[in-house]
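For reference, the structure is listed below as C-alpha cells.
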Amino acid sequence: MYKHAVIPAVAVVLGLSTAPAAAVTATYTCRDGTELHVDFARNMARVSVKGTAGAATLTQQMAADGFWYTNQKSGLRGKGTLATWTNGSRAATECKAD
C-alpha cells in the first residue's frame, strides 16, 4: 500500500532530489575577444556568441576531468573557470569565466 511513497522518501533521506536539475549559466571571455554566454542544463549546453545570431546546442560528452560539450561544428571543454572554445575551422581559443 505504501510502496509508491517509499522511493521519494528514501530520496529525501539520502539528499537526492526528484526535481529536475536547475540550469547553470556562465559567461566566458576568450583570448581572441570572443564572449560566450552558456546555459548548462542536464546533458546539454547552449552557447551564444556575443555579436552573432543564434546559438549552438552542444551535447555533453564523457570527460576524464572537468566538462566537455560538442556538436558537429563546435566544442566547449574545460575545468573550473577555464575553458577552450572551438567553432568550425577557426583556431581554438582559451576562455575564462567572468
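Figures for the structure shown
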{"read-out": "Only listed residue being small (Gly, Ala, Ser), modelled with pLDDT of 50 or more, more than 30 Å from residue 90 (Cα to Cα) and surrounded by 10 or more Cβ atoms within 10 Å (Cβ to Cβ), chosen from 9, 41, 21, 45", "value": "21"}
{"read-out": "So residue 51, is it more than 14 Å from the chain's Cα centre (by Cα) and over 17 Å from residue 23 (Cα atoms)", "value": "yes"}
{"read-out": "Criterion: among the small types (Gly, Ala, Ser), part of a loop (DSSP other than H, G, I, E, B), at pLDDT below 95 and at positive phi - qualifying residue of 51, 33", "value": "51"}
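The values are calculated or read from the model by the stated rules, or taken from the named source; none is laboratory data. Computed from a predicted structure; not experimentally measured. With ideal geometry, Cβ positions are generated from the backbone for all residues, glycine too; neighbour counts draw on all protein chains shown.
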